[in-house]
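Take a look at the structure below.
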Amino acid sequence: YEISCSLVGLGDVYKRQLIHDIVEIDAGDTYAYDEDGKKTQRQRELTAADRIFGLLPSDQAEYMRGLWDEFEERKTPEAKFARTLDNIQPVMLNNASGGRSWEEKCVHLNQILKRNENTKDGSETLWDYAYNNFIKPNVENGKIKED
């Protein structure tokens, strides 16, 4: 999908991100490296999606649920790109804070790489940029632990 997508394509990407975020807000966001929180994350999000989309007329519910499922399953280029943006955003925020959260939570490079193993599927360019400009410098300065 890369960065050359059209404005119409970007609108499709943003729809998927926003729908994902609405469900995540209702379910309660789970910190990327919270192993206990991740145990219940999927069920909390499914419950939230059912509740939220259940409030809508059936045609809208079906459309929105389809976009949410597509995002979760990385079914389309738009969904893959939306997931890439969703995964890179916390990397950028951690970097912007001087790596504070990574340091406080003793996050290891292998955790970041595992969480982002599919991030490049939406954009190798963005993943390479994030790795080289946000992750690698924080490994070098000790904010992210090496394995």
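The values are calculated or read from the model by the stated rules, or taken from the named source; none is laboratory data. Being a predicted model, the structure only gives us computed values, none of them experimental. When we count neighbours, we look across all protein chains shown, and the Cβ atoms used for this are built from the backbone with ideal geometry, even at glycine. Just so you know, the surface numbers come from the protein's heavy atoms only, side chains and all, with ligands and any DNA or RNA stripped out. Shrake-Rupley method; radii C 1.70, N 1.55, O 1.52, S 1.80 Å.
Within the range 83-106, identify whether any single residue is under 17 Å from residue 30 (Cα atoms), at pLDDT 95 or above, in a helix (DSSP H, G or I) and in contact with a strand residue (DSSP E or B) (Cβ under 9 Å, 6 or more places away or on another chain), and answer yes or no.
Among the residues of the range 83-106, at least one is under 17 Å from residue 30 (Cα atoms), at pLDDT 95 or above, in a helix (DSSP H, G or I) and in contact with a strand residue (DSSP E or B) (Cβ under 9 Å, 6 or more places away or on another chain), which makes the answer yes.
Can you tell me which residue is farthest from residue 77 (Cα to Cα) among those in the range 87-120 that are open to solvent by 80 Å² or more (accessible area, probe 1.4 Å) and among the aliphatic types (A, V, I, L, M)?
Looking at residues that are open to solvent by 80 Å² or more (accessible area, probe 1.4 Å) and among the aliphatic types (A, V, I, L, M), I get 96.
Does residue 13 fit the bill of being open to solvent by less than 50 Å² (accessible area, probe 1.4 Å), over 16 Å from the mean Cα position of the chain (by Cα) and among the aliphatic types (A, V, I, L, M)?
Judged against the criteria, residue 13 is not a match.
Tally the residues that are in a helix (DSSP H, G or I) and in contact with a Lys or Arg (Cβ under 8 Å, 6 or more places away or on another chain), restricting the search to the range 24-76.
Residues flagged as in a helix (DSSP H, G or I) and in contact with a Lys or Arg (Cβ under 8 Å, 6 or more places away or on another chain) within the range 24-76 amount to 9.
Which one of these is over 16 Å from residue 17 (Cα atoms) and either at pLDDT 95 or above or not hydroxyl-bearing (Ser, Thr, Tyr) (or both): 69, 59?
Residue meeting the stated conditions: 59.
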